[in-house]
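Q: Structure provided below as structure tokens; questions to follow.
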Amino acid sequence: MRRDIHVLLLGFETTNGQTILRRMNENFPTIKVAVPAGIYKEDIIISQYLVPLNLSNVEQLTKTFQLIQTVVICDQKFNNKKVLQAAESAKTKVVNAFYNYPQTVVEAAYHRFSFTPISMTAHQSASGLGLKGIWTVSHQESFLSFPKQNHGKYSIDQKPIDIQKMKVAHRIEFSNKFTAILFWLFALFLRLIFPFGKDRRTFNSNCNWRFFGETVEFDDTFEYEVTAESVESEYLRPDVAVLNILTSLSIKENESCDWNSFSRMRIKLSKYELKK
């Protein structure tokens, strides 16, 4: 069956969805981006391509998805069993656009670098986490490791982040050992008092980041250190989503790099030296 629609945005009326739709329309006008047919507020940007959906009927939803190459979920409420089952039955690709904060920042940094890393470690400052961030860290799936010193600061290991077939070590770092241990004890207390919701839900933070690793230039290996201050995810999530949409449509990154992706990610290369 011919798939006439390239992309269908579910939850496009959210802030994230609106930004994704705008980026796609402005930078990739030849890609047909559809939205569910319905009645929306006047200030909501909609697409010229409208698709009637019956989200309660998996069979009908499957038939609709057979006309679509990629379904993009911009709102968590659409990440449900019926939508995923229909997409799987229709052999339609799915892109989840509600990435968690660390995943968003690390992926944005990877694509912002002027070189291609072969290894990478991401250090996130604890000072910009906020209450939601502290709750999320304390209630992650695995128990928090005890603080230890890495690259001159005490940090707590987090679950690695997969980027381009590379596992990126993720750590939350602190200004001193006392603060790190105090945070660890507080997170342990929260986990014991409220033993539920152990996942890495989406949240916004405003943290400083340090990235360490190695890259290869010709036949030489270089060590790098990159810093980024006050990194927010609100403007980065849509860029990650657009990049993954293009990948799902088999559009290579070097063919889609002219849209100034991740331009809001301000980074500073503080070290780039030949490995001894």
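Q: Fewest to most neighbouring Cβ within 10 Å: what's the order for 132, 77?
A: Fewest-to-most Cβ neighbours within 10 Å comes out as 77, 132.
Q: Let me know the shape class of segment 1-105, please: from the alpha-carbon gyration tensor, a ≥ b ≥ c as square roots of the eigenvalues, rounded when a/c is under 1.5, otherwise prolate if a/b is greater than b/c, or oblate.
A: Verdict is rounded for segment 1-105.
Q: Let me ask another. Quick check: from the Cα gyration tensor, does segment 209-276 come out rounded (a/c under 1.5), prolate or oblate?
A: The shape class here is oblate.
Q: Report the gain in length on full extension from residue 54 to residue 96: 0.36 nm times residue separation, minus Cα-Cα distance, nm rounded to one decimal.
A: Length difference between fully extended and current span is 13.1 nm.
Q: What does the extension gain come out to for residue 141 and residue 84, with contour length at 0.36 nm per residue minus their alpha carbon separation?
A: My answer for the length gained is 18.2 nm.
Q: Further question on the same structure: What FRET efficiency do you get for residue 2 and residue 218 if R0 is 45 Å and r is their Cβ-Cβ distance, rounded to the nearest 0.05?
A: Taking R0 as 45 Å, the efficiency between residue 2 and residue 218 is 0.45.
Q: Per-residue counts of other Cβ atoms within 10 Å, averaged by peptide: what ranking do you get for 96-106, 157-167, highest first?
A: Per-residue Cβ counts within 10 Å, averaged per peptide and sorted highest first, yield 96-106, 157-167.
Q: Helix-only estimate, please: 222 nm mean residue ellipticity of the chain, summing -39500 (n - 2.57) across DSSP H runs of length 4 or more and dividing by its residues, to the nearest 500.
A: Roughly -9000 deg cm²/dmol at 222 nm, from the helical runs in the chain.
Q: Work through the residues other than residue 220 whose Cβ is under 14 Å from its Cβ and net out their charges, Lys, Arg +1 and Asp, Glu -1.
A: Once all neighbours under 14 Å are counted, the net charge is -3.
Q: Over 32 Å between C-alpha atoms is what I'm after, so list which of 93/268; 41/167; 63/159; 148/268; 159/252; 91/159 land there.
A: The pairs that break the limit, which is 32 Å between Cα atoms, are 93/268; 41/167; 63/159.
Q: Here's a follow-up. Which FRET efficiency value, to the nearest 0.05, do you get for residue 194 and residue 39 by plugging their Cβ-Cβ distance into 1/(1 + (r/R0)^6) with R0 = 35 Å?
A: The computed FRET efficiency comes out at 0.30.
Q: Scan (i) 27, 22, 18; (ii) 36, 24, 16; (iii) 31, 19, 17 for the value of semi-axes √(5λ) of the Cα gyration tensor in Å calculated from this model and give just the label.
A: (ii)
Q: Give the aspartates and glutamates reachable from residue 32 as a straight Cα distance under 14 Å; neighbours fewer than 8 places away on the same chain don't count.
A: Of all the aspartates and glutamates, those that pass the test against residue 32 - Cα under 14 Å, at least 8 places apart if same chain - are 4.
Q: Here's something else I'd like to know. Which helices count as membrane-span-like in the chain under these terms: full DSSP H, at least 15 Å along the axis by C-alpha, Kyte-Doolittle mean of 0.0 or more?
A: What comes out of the filter, once short or polar helices are dropped, is 177-193, 237-248.
Q: Continuing with the same structure: When you count, for each residue, the other Cβ atoms within 10 Å and take the mean per peptide, how do 40-47, 262-269, 233-240 rank with the highest first?
A: 233-240, 262-269, 40-47
Rule-based calculations on the coordinates, nothing more; no lab input. Here the structure is a predicted model, which is why all the values come from computation and not from measurement. Backbone-built Cβ (ideal geometry, glycine too); neighbour counts: all protein chains shown.
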